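Right, one structure below, let's go through it.
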Amino acid sequence: MTVATLGAKRLTSDPVAPEQLRADVARLFDALAAGGIGIVPLDVAYAVVATMPSGIRRIFEAKRRSYDKPSGMFGNWRLSREIHLMDERRHAMVREIVEQEKIPFSVVAPFRPDHPLFAAVDPFVMKNSSKGGTLDMLLNAGQFHDAIAEGSVARGTAVFGSSANLSLTGSKYRYENIDAPICDAAAIHFDYGESKYAHKDGLSSTIIDFGDFSVVRVGHCFERLERAFATRCGVTLTI
């Protein structure tokens, strides 16, 4: 097993040379296209990702995750605007929080299954990456995450995943703390140091249902998000 590492005592948010980031993400996409899964460094937590049915199955098996809990998609506000079926006010909120507050969060909303990015997505993958006609899309989770989102557009390949930990055991913020079954299942691994938002309680991203602004999961930066939605958007998040 080869782990691409940038060395110790780093944070996932520490700048990486653009050429290295592009090369690492290209290697990731190649591994995912071959049906494998990858362990990737996000500011919210380390995550495990896939694009093909064999990879999605391997993620659920390695994590011991229930198929009742779908994977999320890696995206950005532009992809959310194209894919999520929301009014202009909601799309504007997403962009403002991302660009002005620079806070990571996940958007849950109805989506366009006919979007071109999903044309090559296997029905098994789509079924287990959506729920009740909605799609969970992670936004603004760091440089590696953003590069994956950009790569998705460039390659026409949607990327899905979840946190790199055994189900219900809390997020992992350093590569060396990821559970062995998940490391063993992955075809490619990246160690970019400690996740920027490492938290003693094992939090991951805050997930918001944009249908009614209910909070599906309280996670990183929740208080900041709560204030930002109230002051910038006039919206009260409900738990």
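Observations, loosely collected:
- Averaging Cα coordinates gives a centre for the stretch 16-42 and one for the stretch 168-239; these two points are 21 Å apart.
- Three-way shape call for the stretch 87-234 based on the alpha-carbon gyration tensor, with the a/c threshold at 1.5: oblate
- A simple count of charges around P123, restricted to other residues whose Cβ falls under 15 Å of its Cβ and scoring Lys, Arg +1 and Asp, Glu -1, yields +1.
- Subtracting the Cα-Cα distance of A33 and N177 from 0.36 nm times their residue separation leaves 49.2 nm of extension gain.
- Y197 accessible area, assembled protein chains, probe 1.4 Å, Å²: 40
- Measuring r between the beta carbons of Y67 and L11 and using R0 = 25 Å, the FRET efficiency lands at 0.15.
- Calculated FRET efficiency, A119 to T231, Cβ-Cβ distance, R0 = 45 Å: about 0.70 to the nearest 0.05.
- The fraction of accessible area contributed by carbon and sulfur in the chain is 52 percent, rounded to a whole number (1.4 Å probe; ligands and nucleic acids excluded).
- Think of a 1.4 Å ball rolled over the protein heavy atoms: the chain then has 44 Å² of accessible area per residue.
- Helical contribution to [θ] at 222 nm, DSSP H n ≥ 4, -39,500 (n - 2.57), averaged over the chain, rounded to 500: -9500 deg cm²/dmol
The values are calculated or read from the model by the stated rules, or taken from the named source; none is laboratory data. The structure presented is a predicted model; accordingly, all values stated were derived computationally and were not measured. Neighbour counts are summed over all protein chains in view; Cβ atoms, including those assigned to glycine, are modelled from backbone coordinates with ideal geometry. Heavy atoms of the whole protein, side chains included, go into the accessibility calculation; ligands, DNA and RNA do not. Shrake-Rupley method; radii C 1.70, N 1.55, O 1.52, S 1.80 Å.
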